[in-house]
Amino acid sequence: MTRHAYRAALLHMLEDPTRAPAAEACAYHADGLLVVEDGHVAASGAYAELAPTLGSDVAVSELPGRLITPGFVDAHVHYPQVDVMAAWGTQLLDWLTTHTFPAEQAFADRAHADAAADFFLDQLLANGTTSALAFCTVHRASAEALFEAALKRNMRLIGGKVLMDRNAPAGLTDTVETGRADTEALIRAWRGRGRLGYAVTPRFAVTSTDAQLAMAGELAAAHPDVLVHTHMSENADEIARVGELFPDARDYLDVYDSFGLVGPRSVFAHCVHADDGALRRMAAAGASAAFCPSSNLLLGSGLFSLKQACACGVNTALGTDVGGGGSFSLLHMMGEAYKVGQLRGDNLDPLQAFYLGTLAGARALRIDHKVGNLAPGKEADFLVLDLAATPLLARRTAQAKTLAEVLFVLAVLADDRVVERTYLMGELAHARSG
Ligand code: GUN
Ligand code: ZN
């Protein structure tokens, strides 16, 4: 048995703050203690209460001025799109053709995929993201590269080979049969290894035939422990195209629904233009939405209404959508989500934003029994945040009067320098240089 304790301010969410009183939703200790034993949280709470329970043999790391939080969860990201971040001048459909498909073609080369996977996962950890739901490319080896790199780091990561059998360049398409065979082989080889999970990943309704979406639905039904991960209702031209391709569907969600792809293990990225009816059907099915504010702003997709999604009962999490999104940081996504809210007349509460980036993400990915907060028994994926990482942060956080204010300062002003250390199952996985 190895035990280690960390003393700092400590924050994690126990519930959705819009659905529970603040005292029940949020656990915050200005002088807190996190006790880790064999990779799991043994205890978390007030230092004054927990310190007397520690044996004299337990080492305590004293971390003044630091904030311990759970690792962040990125509910929608593309590992092969690092090199298309910050592409200027296009919206979704042109962006895919001009920038993204060419970049994804390079993943036919396994060495390229291996190097990209290493870079990508190191970026996640440097930004405090310990779990993610990630698109790969259509190439089976692209998923193998990501899984191998995540297994090596012991990350709780869910990925999937993209399914795409039309409206994409040669070299980036599979077929119903190769898509099925590759997906089944990947599920067999990787699902449940270490902390890995699999998501059946049709890119979006535009790039799969009816037959391929039906096959994806069959795979999801045959493997009740895998997720379904796709895009929905992101961009006006995309939605019009889906209307042309599926004239009998009542709306975009209905396309997926008619092929058995809408259920409690489904994560739909964007949902910017989904109406109340679609959002309510998602909620009734237990499906989740990944709100990707940075991407939605950069690609000019539109302003997601978090308020509407919550009112309709949809579990909503945050995604960076790298490379549509412009940062790997979930803290930055919290700030971007606030700005989207501002443009819609809604003020996103900082604690709600923090929930979206942690426990809500874990819930969307169906890993909340393992991660998402620092409750006893959870896997000890946690961060040590340095509230004085830069002169500006030091100055601004020192003046903050409430926890919400500290969080909001981080959401607006922080970058990866604030993440001093990232731990995976109690092991140091990233330490900031300097
Ligand atoms: N819709 C279909 N593919 C993509 C993609 O790669 N990124 C985003 N943002 N939307 C998509
Ligand atoms: Zn995406």
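The values are calculated or read from the model by the stated rules, or taken from the named source; none is laboratory data. These figures come from a predicted structure and were not determined experimentally. Virtual Cβ from ideal backbone geometry, glycine too; neighbours counted across all protein chains shown. Accessible surface areas use protein heavy atoms only, side chains included; no ligands, DNA or RNA. Shrake-Rupley method; radii C 1.70, N 1.55, O 1.52, S 1.80 Å.
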How many residues does segment 1-39 contain that are open to solvent by less than 30 Å² (accessible area, probe 1.4 Å), not in a strand (DSSP E or B) and not acidic (D, E)? 3
Residues in segment 396-409: is at least one small (G, A, S), over 19 Å from the mean Cα position of the chain (by Cα) and surrounded by fewer than 14 Cβ atoms within 10 Å (Cβ to Cβ)? yes
Inspect all residues belonging to segment 300-311 and state whether any of them is under 20 Å from L359 (Cα atoms), modelled with pLDDT of 95 or more, within 16 Å of ligand 1 (Cβ to nearest atom) and touching a Leu at 6+ places or on another chain (Cβ under 6 Å). no
Taking segment 48-79 as the search range and keeping residues that are on the phi < 0 side of the Ramachandran plot and of a type in the set (G, A, S), which one is farthest from ligand 2 (Cβ to nearest atom)? S56
Going through (1) surrounded by fewer than 21 Cβ atoms within 10 Å (Cβ to Cβ); (2) over 15 Å from the mean Cα position of the chain (by Cα) one by one, V314 fails only at (1)
Can you tell me which residue is surrounded by the most Cβ atoms within 10 Å (Cβ to Cβ) among those in segment 319-332 that are among the hydrophobic types (A, V, I, L, M, F, W, C) and away from ligand 1 (no atom under 14 Å from the Cβ)? L330
Residue list for segment 395-428, restricted to those being at pLDDT 95 or above, outside any helix (DSSP H, G or I) and of a type in the set (A, V, I, L, M, F, W, C): A400, V419, L424, M425, L428
Which members of segment 66-96 meet the condition of being within 11 Å of ligand 1 (Cβ to nearest atom) and of a type in the set (V, I, T)? V77, V84
